[in-house]
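The values are calculated or read from the model by the stated rules, or taken from the named source; none is laboratory data. This is a predicted model, so every value here is computed, not measured. Quick reminder, even Gly has a Cβ in these numbers, built from the backbone with ideal geometry, and neighbours come from all protein chains shown.
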Amino acid sequence: MVESVASADVRSPGPQSLAGQKALVTGGSSGIGRAIALALARAGADVAVNYVSGEDAARDVAAEIDRIGRRALVLKADVADEGQVQAMFRSAIGELGTLDIVVPNAGLQRDAPFAQMTLAQWQRVIDVNLTGQFLCAREAVREFLRRGPRPEVSRALGKIVCISSVHEVIPWAGHVNYAASKGGVMLLVKSLAQELAPKRVRVCSVAPGAIRTPINEAAWSTPEAYEALMKLVPYKRIGETDDIARAVVWLASDDSDYVNGTSLFVDGGMTLYPGFEDGG
Ligand code: NAD
């Protein structure tokens, strides 16, 4: 009986599953973040688009969100800087009223063989990819708890969808800093979900495989590189940014209301040990 009452509450799946919600996407001016910002808007959310450099690209995303018919904000901040992150959240909340969905997506690589890796390369990747997600998730949680529930838009108090990587579980030689940062994101997400589930905050991540974006252009921009990449992808195609964006919209919506602390791998099977696909 209780169950049927609860399930009747779930908003029906549909194109406007995020109607009335307010979202913030970090690193929203390019690649995966851009696709996420646009998909959230198409699903009915108003969106704050964070960028750290390249204001024009961020403004292009905002203009496209306007054309979709949703409100967009463009907010400059380095996600590794506590003061800038706090100022960004103050602006987003001041302009949009609140935030229901936060997508810490900003990330970078500073690759080097381990013996040559500088402390600066190590630290920048940890600062942006891991500390940046901590800072944004913390400001999100503070706002969710301050504001309280908005049952008219969502069953959850708030949703955080971190963008991780298959390298939260696949070790990556030559990219130790990056793999360590994403492994950290995995347990940040799961520990946060465990701590905040009783408050009805949902914290999940999307862990992309190889997605066609600027961050990994060298891996797909020539036929030879693409063919080598496909050895790692059982589904035999590169991922597109919309593959990730659709997963984020689902995790941000009430359609996934009983999903918490999950890493959703969107990777064409990259985590399935493709070296064994012909029997090993
Ligand atoms: P991208 O380079 O297009 O996007 C990264 C974005 O983060 C850029 O807009 C960049 O300006 C922004 N950014 C970097 N440092 C920042 C900072 N300090 N503050 C604010 N913004 C900052 O690449 P992408 O592929 O779209 O990457 C998005 C996320 O997806 C990253 O977290 C990345 O690790 C993850 N990812 C990408 C792939 C892939 O194959 N493309 C695979 C797994 C995970």
Query - Single residue of Asp257, Asp243 found to be within 12 Å of the ligand (Cβ to nearest atom) and modelled with pLDDT of 95 or more - result: Asp243
Report summary line: Exception for Val128 within (1) within 14 Å of the ligand (Cβ to nearest atom); (2) among the aliphatic types (A, V, I, L, M); (3) in contact with a strand residue (DSSP E or B) (Cβ under 9 Å, 6 or more places away or on another chain) falls at (3)
Query raised in the report: Is one or more of the residues making up region 76-86 closer than 27 Å to Pro149 by Cβ and away from the ligand (no atom under 12 Å from the Cβ)?
Result: yes
Query raised in the report: Across region 246-280, what is the number of residues that are in a loop (DSSP other than H, G, I, E, B) and crowded, with 16+ Cβ neighbours inside 10 Å?
Result: 9
Report task. Say whether the condition of being away from the ligand (no atom under 13 Å from the Cβ) and closer than 23 Å to Leu96 by Cβ is met by at least one residue in region 189-198. Result -> yes
Report task. With the checklist (1) out of contact with any Asp or Glu (no Cβ under 9 Å at 6 or more places or on another chain); (2) within 9 Å of the ligand (Cβ to nearest atom); (3) within 29 Å of Asp255 (Cα to Cα) in hand, flag the one item Ala57 doesn't pass. Result -> (3)
Report task. Using the structure shown, decide if Leu96 is at pLDDT 95 or above, surrounded by fewer than 22 Cβ atoms within 10 Å (Cβ to Cβ) and in contact with a Lys or Arg (Cβ under 6 Å, 6 or more places away or on another chain). Result -> yes
Requested in this report: Considering every residue within region 171-183, establish whether at least one is part of a helix (DSSP H, G or I) and touching a Lys or Arg at 6+ places or on another chain (Cβ under 7 Å).
Outcome: yes
Requested in this report: Say whether the condition of being surrounded by fewer than 18 Cβ atoms within 10 Å (Cβ to Cβ) and either in contact with a Pro (Cβ under 6 Å, 6 or more places away or on another chain) or without any contact (Cβ under 8 Å) to a residue 24 or more places away in the chain (or both) is met by at least one residue in region 195-203.
Outcome: yes
Query - Residue within region 220-239 that is under 23 Å from Ile101 (Cβ atoms), modelled with pLDDT of 95 or more and hydroxyl-bearing (Ser, Thr, Tyr) present - result: no
Query raised in the report: Does any residue in region 212-233 that is closer than 16 Å to Asp267 by Cα come within less than 7 Å, Cβ to Cβ, of a residue that is more than 9 Å from the ligand (Cβ to nearest atom) and small (Gly, Ala, Ser) six or more places away or on a different chain, and which pairs are these?
Result: Ala219/Ala225; Val233/Gly268; Val233/Gly269
Query raised in the report: Out of (1) part of a strand (DSSP E or B); (2) β-branched (Val, Ile, Thr); (3) in contact with a Gly (Cβ under 6 Å, 6 or more places away or on another chain), the odd one out for Val206 is which?
Result: (3)
Query raised in the report: Where residues in region 131-175 are touching a residue at least 60 places away in the same chain (Cβ under 8 Å), over 17 Å from Ser205 (Cβ atoms) and within 16 Å of the ligand (Cβ to nearest atom), which of them is nearest to the chain's Cα centre (by Cα)?
Result: His175
Query raised in the report: Of the residues that sit in region 117-167 and are β-branched (Val, Ile, Thr) and assigned to a helix (DSSP H, G or I), which one is surrounded by the fewest Cβ atoms within 10 Å (Cβ to Cβ)?
Result: Ile126
